[in-house]
Amino acid sequence: MSKRVLTTESGAPVADNQNSATAGVGGPLLLQDQHLLEKLARFNRERIPERVVHARGSGAYGYFEVTDDVTGFTSADFLSSVGKRTDLFIRFSTVADSLGGSDAVRDPRGFAVKFYTEQGNYDLVGNNTPVFFIKDPVKFPDFIHSQKRDPFTGRQEPDNVWDFWAHSPEATHQVTWLFGDRGIPASYRHMDGFGSHTYQWTNAAGEAFFVKYHFKTNQGIRCLSAEQAAETVGADATSHQTDLLQAIERGVNPSWTLYVQIMPAAEAADYRFNPFDLTKVWPHADYPVQRVGRMVLDRNPDNIFAEVEQAAFSPNNFVPGIGPSPDKMLQGRLFAYADAHRYRLGVNHTQLPVNTPKNAVVDNYGRDGLMATRYGSRHDKNYEPNSYSGPAQTGVPLSAPFAVHGHTGTHAAPQHVKDDDFFQAGELYRLMSEEEKKRLVANIAGGLSQVSREDVIDKIVTHFAAADPDYGKRVAEAVSALRED
Ligand code: HEM
């Protein structure tokens with residue numbers, strides 16, 4: 001192998017990488033030392049804005065393989081035949097802390113999958129929880145501010161965290177989930193993933209279905225208690241990253257089985273829960289899960305910055321046969337992500353290798369912008385319509401339309417028969433064993449007892465009590481006991 005030569009960015013060989021050029025021995029530096037100037041200037045520009053949420057994460061490549069026929073429900077090409085494989089990239093993440101935060105913390109985990117399909121990239125940007133804290137995107141920035149570091153103290157403040165939840169009764173279900181046994185996954189491999197929102201599938205005949213995605217881990221669920229998590233963070237703050245990287249390097253390729261719950265579109269209006277409310281699940285007794293395929297992760301990225309930090313997922317990257325539902329939160333997200341990418345990575349972020357559609361041809365009239373590397377031939381026109389056989393629209397919508405009615409305005413979500421904010425939280429609580437209930441209450445009390453205002457504590461206890469009187473009573477007692485200590 002020929003010896004590798006160190007070069008400048010322009011490719012010229014570097015003579016000395018240990019001593020800067022000076023005016024004489026011991027003299028001041030010379031402005032003509034291109035290597036030094038370039039090296040210092042480039043170093044200053046290594047960091048880009050971190051993601052405003054889900055900043056800390058880990059990624060891996062793999063594939064999705066269809067195991068069951070779902071062509072009756074969707075015309076999506078990558079799901080069109082049993083055995084069909086599609087390349088993918090996944091990024092797991094925590095939500096609230098910054099890039100330098102710890103992995104083993106009580107926080108939802110992001111579960112973002114980019115399928116490189118032959119009809120374009122399909123991004124399914126979900127979490128490890130089937131529900132979420134809020135159901136209207138207008139509340140998202142306030143919610144996130146309350147969970148991230150306080151502008152004065154510079155740390156996550158129990159006062160802010162619980163105050164927001166005390167003012168958001170719809171968070172009761174997700175808070176019950178988060179403070180339960182699954183709130184701190186032992187690793188990214190040992191947790192499930194959910195699309196969380198309701199999405200729409202459309203089949204070749206144009207029939208519409210609403211679906212919820214569930215990725216079930218084939219490694220088994222493993223979680224940490226609060227005490228185990230504290231120990232883990234102390235020993236290795238990057239425990240999830242280490243686990244995923246090492247497992248794949250060892251050839252122990254993690255996998256998940258994908259299931260969907262499917263609701264014929266006509267059943268949505270009269271379902272007992274609002275099927276587009278992200279704080280609710282569809283009980284499996286109503287809509288059982290049906291298997292679709294399996295996801296296998298078998299390759300680590302070579303470069304974390306290039307491939308993981310610069311990965312850009314957007315819930316509005318759909319492919320024919322899959323589309324949005326009227327879920328307001330989802331609709332808000334359809335805007336937020338690509339906007340974040342344009343700010344964080346630039347308008348041409350889709351041209352970065354990890355984001356570019358590798359199995360589909362991109363052909364449009366989008367042009368130029370910072371860092372443009374994609375361009376067609378000299379004969380391509382940059383306007384449409386044109387007389388030069390440029391790319392033209394298909395006239396075929398990606399998914400079926402849904403009917404809307406009523407007046408414009410800032411409406412609360414439509415109410416269905418069972419649509420209160422507490423019923424499903426109570427159902428989750430009642431499903432728990434006595435030991436699970438004890439741990440849930442202890443975990444909540446551990447955080448809530450640090451809140452300085454009694455009125456905030458009282459307010460949120462009423463939410464737990466509304467979910468189940470026993471739940472509320474136990475939380476109130478546990479918090480009082482801790483505050484008397
Ligand atoms: C990341 C906005 C709700 C899952 C992000 C980012 C933004 C954002 C701006 C950073 C994107 C980037 O810089 O690359 C929002 C808004 C929401 C919302 C406005 C509500 C209206 C949700 C929900 C889920 C979710 C409900 C899960 C079901 C994720 C994940 C990431 C993320 C997994 C990280 C993606 C990655 O790994 O790059 N969100 N989000 N978000 N969000 Fe949301």
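Let's see how each residue does on (1) buried (at least 21 other Cβ atoms within 10 Å of the Cβ); (2) within 19 Å of Met371 (Cα to Cα); (3) near the ligand (Cβ under 8 Å from one of its atoms); (4) free of Cβ contacts under 8 Å to residues at least 40 places away in the same chain:
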position	(1), (2), (3), (4)
Ala311	yes, yes, yes, no
Val319	yes, no, no, no
Gly323	no, no, no, no
Met329	yes, no, yes, no
Leu334	no, no, no, yes
Arg342	no, yes, no, yes
Val347	no, yes, no, yes
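In the range 408-434, the residue that is nearest to Pro469 (Cα to Cα) out of those that are loosely packed, with under 15 Cβ neighbours inside 10 Å and modelled with pLDDT of 95 or more is Arg430. Against the conditions (1) more than 17 Å from the chain's Cα centre (by Cα); (2) under 28 Å from Val362 (Cβ atoms), Asp286 satisfies every one except (2).
For the range 127-157, taking the residues that are farther than 13 Å from Val53 by Cα and not in a loop (DSSP other than H, G, I, E, B), the one that is farthest from the ligand (Cβ to nearest atom) is identified as Gln156.
Would a scan of the range 359-368 turn up a residue that is outside the structural domain of Phe115 (by TED's automatic domain parsing), within 16 Å of the ligand (Cβ to nearest atom) and modelled with pLDDT of 95 or more? No, the conditions are met nowhere in the range 359-368.
Within the range 90-104, can one find any residue that is within 17 Å of Gly293 (Cβ to Cβ), assigned to a strand (DSSP E or B), under 24 Å from the mean Cα position of the chain (by Cα) and assigned by TED's automatic domain parsing to the domain that holds Asp243? Looking for residues that are within 17 Å of Gly293 (Cβ to Cβ), assigned to a strand (DSSP E or B), under 24 Å from the mean Cα position of the chain (by Cα) and assigned by TED's automatic domain parsing to the domain that holds Asp243, one finds at least one in the range 90-104, hence yes. Considering Ala76, Ala15, the condition of being of a type in the set (A, V, I, L, M), at pLDDT 95 or above and surrounded by 10 or more Cβ atoms within 10 Å (Cβ to Cβ) is satisfied by Ala76 alone.
In the range 170-188, the residue that is farthest from the ligand (Cβ to nearest atom) out of those that are crowded, with 24+ Cβ neighbours inside 10 Å and farther than 21 Å from Tyr429 by Cβ is Ser187. In the set (1) outside any strand (DSSP E or B); (2) closer than 20 Å to Val296 by Cβ; (3) β-branched (Val, Ile, Thr), the condition left unmet by Val233 is number (2). Got at least one residue in the range 44-64 being surrounded by 13 or more Cβ atoms within 10 Å (Cβ to Cβ), assigned by TED's automatic domain parsing to the domain that holds Arg333, more than 16 Å from the ligand (Cβ to nearest atom) and in contact (Cβ under 8 Å) with a residue 24 or more places away in the chain? Taking every residue of the range 44-64 in turn, at least one turns out to be surrounded by 13 or more Cβ atoms within 10 Å (Cβ to Cβ), assigned by TED's automatic domain parsing to the domain that holds Arg333, more than 16 Å from the ligand (Cβ to nearest atom) and in contact (Cβ under 8 Å) with a residue 24 or more places away in the chain.
Could you please find all residues in the range 188-211 being over 16 Å from the mean Cα position of the chain (by Cα) and either without any contact (Cβ under 8 Å) to a residue 24 or more places away in the chain or assigned to a loop (DSSP other than H, G, I, E, B) (or both)? Across the range 188-211, the qualifying residues are His190, Asn203, Ala204, Ala205, Gly206, Glu207.
The values are calculated or read from the model by the stated rules, or taken from the named source; none is laboratory data. The shown structure was predicted, so the numbers you read here are calculated from the model rather than taken from an experiment. Neighbour counts run over all protein chains shown; Cβ positions are idealised from the backbone, glycine included.
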